[in-house]
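S.K.: Shown below is the structure under consideration.
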Amino acid sequence: MSGLQGKVVLITGGARGVGAATAALLVARGAKVVLVDLEAEPLAEVVARLGAGSATSITGDVTELADMEAAVAHALERFGAVDVVMANAGIASYGSVGVVDPAFFKRVIDINITGVFYTVRAALAEVERRRGYVLVVSSEAAYAPAPGLAAYNASKAGVEHFANALRLELGYRGVAVGSAHMSWIDTPLVQDAKQDLPGFREMLDALPGPLGTTISVERCAEAFVRGIERRSNRVNVPGWVEALRWGKPALTSRLFDLLSRRDVKRRLAQMDDEVARLGRSASARVRLSSDSHGEVADAAGASVGSIQSE
C-alpha cells in the first residue's frame, strides 16, 4: 500500500501544469487533493477528471491570507485534514531591471514569496497536528541566475531559503520541509515565454546538452510525488539540477560574469526589444491583482487573464 494512501494534499496553482499533473498522480496513489487557483472552470475540470471522492477545489489568490485560510477550512470540511502542503503557485516577468514594468515585478514577488508564506501560514497548525510535510516549489533559478528574469530569480532563491528556515523551525515538531528545483518544464509559464519572446526560444536552443531541454509536466509530477512520499529535503528535476546547487559559487563568481558578458549583452538587448514590442512584461495570462470579474487591465491598458500555475 502506498504511503500516500488517505493523505490529504493541498496544492496551490492546481488548475494546470505541474499542479494538476501532480494531483492526478497523487490520487492514483490513494491520496486526496485540495486544489487552489484563481479560475473556477479549469479547477472544476480537473476535479471532474479525478473524481469528487478524491478531489475538491476552491478558488483563491495566494496573495490573500484570507483566501488561503478559506482553502484550509474547505479542506478540513471536505476531507477532515491537511497532511501535505505543496506551495506551487508561481509566475514570472520579462525584461531587465531597467525595463521590466515595476507592477509586474512586484506581482512576481507577491505571488512567489508572500503567496508561499500565506499558503504555509494558513495550513501550519493543521500540518503540525498531522506531523506532515511541506513542499515549497522553487526552481533551478535559485542556483543559477538568468539575466532578464531578476524577479523570478530573486523570488525562487527567496523561497528556497524560506524552506530552509522553515525546516529548522518545524523539524523538531515532526514536520518535514522540502524545496523543489526544476529545470525547464513544459508548463503554461514556459510555453507563454516561448511564444512571447523569440529570444527566449533561441536561448534554450543554444544551451548545451540537457541544460536547454524542456521536460514534460508528467515527469516533473512523478518526481514531486516521490519527494512527497519520501518527505525529501530537496526534489531536483531532472536529477542533474543538484549539480547546479553545488556549482552555485562558480555560477555567481566574477570569472563567470566576465565569461558571460558578451552573450548577456546581446541576449538581454534582444529580450528588452521584444518586451517593448510586446507591450507587457509578463504572460498575457498574468493579472496584476485579483478581482470579481476574472480580468483586469495591465499597465499598458490591455485586458489580461490570470494564472498562478507553475
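The values are calculated or read from the model by the stated rules, or taken from the named source; none is laboratory data. Just so we're clear, the structure is a prediction, and the values are computed from it rather than from any experiment. Every residue, glycine among them, receives a Cβ derived from its backbone with ideal geometry; neighbour counts consider all protein chains shown. All accessible areas refer to the heavy atoms of the entire protein, side chains included, with ligands and DNA or RNA removed. Shrake-Rupley method; radii C 1.70, N 1.55, O 1.52, S 1.80 Å.
S.K.: Which whole number of Å³ per residue matches the convex hull of the alpha-carbon atoms in segment 35-185?
M.R.: Spelled out: Cα convex hull of segment 35-185, divided by residues, is 112 Å³.
S.K.: Among DSSP beta bridges lying fully in the chain, give the percent that are antiparallel, nearest 5.
M.R.: 5 percent
S.K.: In addition: Mean Kyte-Doolittle of at least -0.5 plus a Cα span of 24 Å or more along the axis: flag which DSSP H helices in the chain meet both, please.
M.R.: Sorted by number, the helices that extend far enough and score high enough are 150-171.
S.K.: Same structure again: Along the Cα-to-C-beta direction of W240, a point sits 7 Å from the Cα; which residues of segment 155-184 have their amide N less than 12 Å from that point?
M.R.: 183-184
S.K.: Treating the chain as a set of equal point scatterers at the Cα positions, no solvent, please give the Debye-formula log₁₀ I(q)/I(0) at q = 0.08, 0.12, 0.15 Å⁻¹.
M.R.: Listed by q, the Debye log ratios stand at -0.33, -0.76, -1.18.
S.K.: Send over the semi-axes of segment 133-287's equivalent ellipsoid, whole angstrom and largest first, taken as the square roots of 5 times the C-alpha gyration tensor eigenvalues.
M.R.: Largest first, segment 133-287 gives 29, 18, 15 Å.
S.K.: Cut-off under 29 Å on the C-alpha distance; same-chain residues fewer than 8 positions from K265 excluded. Which lysines are left, in chain and number order?
M.R.: K265 reaches K106, K156, K194, K248.
S.K.: How big is Rg to Rh over segment 68-116, alpha-carbon atoms, Rh as the Kirkwood inverse-mean-distance radius?
M.R.: Ratio of gyration radius to Kirkwood radius: 1.20.
S.K.: Decide, for segment 92-152, between rounded, prolate and oblate: order the square roots of the alpha carbon gyration tensor eigenvalues as a ≥ b ≥ c, take rounded if a/c falls under 1.5, and otherwise choose prolate if a/b is larger than b/c, else oblate. List each step's numbers first, then the result.
M.R.: On the way: a/c = 6.07, a/b = 2.20, b/c = 2.76.
Oblate shape, in that a/c is at least 1.5 and b/c is the bigger or equal ratio.
S.K.: Put +1 on the Cβ of each Lys and Arg and -1 on the Cβ of each Asp and Glu in the chain; which of G51, A70, L10 then has its Cα farthest toward the positive end of the dipole?
M.R.: Of the options given, the answer is L10.
S.K.: Grab the DSSP H runs of the chain that are 4 residues or longer, score each as -39,500 (n - 2.57), total them, divide by all residues and round the 222 nm result to the nearest 500 deg cm²/dmol.
M.R.: Rounded to the nearest 500, the figure is -15500 deg cm²/dmol.
S.K.: Any chance you could run the full-extension gain for E202 through L255? It's 0.36 nm times the residue separation minus the Cα-Cα distance, nm to one decimal.
M.R.: Length gained between E202 and L255: 16.7 nm.
S.K.: Measure off 7 Å from each Cα along the Cα-to-Cβ vector at R29 and R266, then give the distance between these two points in nanometres to one decimal.
M.R.: 4.4 nm
S.K.: Quick one: how many Å² of E274 are accessible to a 1.4 Å probe, rounded to 10?
M.R.: 10 Å²
S.K.: A further question on this structure: Leaving out ligands and nucleic acids, and using a 1.4 Å probe, what accessible area per residue does the chain come to in Å²?
M.R.: Details: 13320 Å² over 310 residues.
Accessible surface, normalised per residue, equals 43 Å².
S.K.: Let me make sure I get this right: for segment 34-88, a, b and c are the square roots of the gyration tensor eigenvalues over alpha carbons, sorted descending. Under 1.5 in a/c it's rounded, otherwise prolate if a/b > b/c, else oblate. Which is it? Walk me through the numbers before you get to the answer.
M.R.: On the way: a/c = 1.85, a/b = 1.16, b/c = 1.59.
Oblate is the answer for segment 34-88, as a/c is 1.5 or above yet b/c matches or exceeds a/b.
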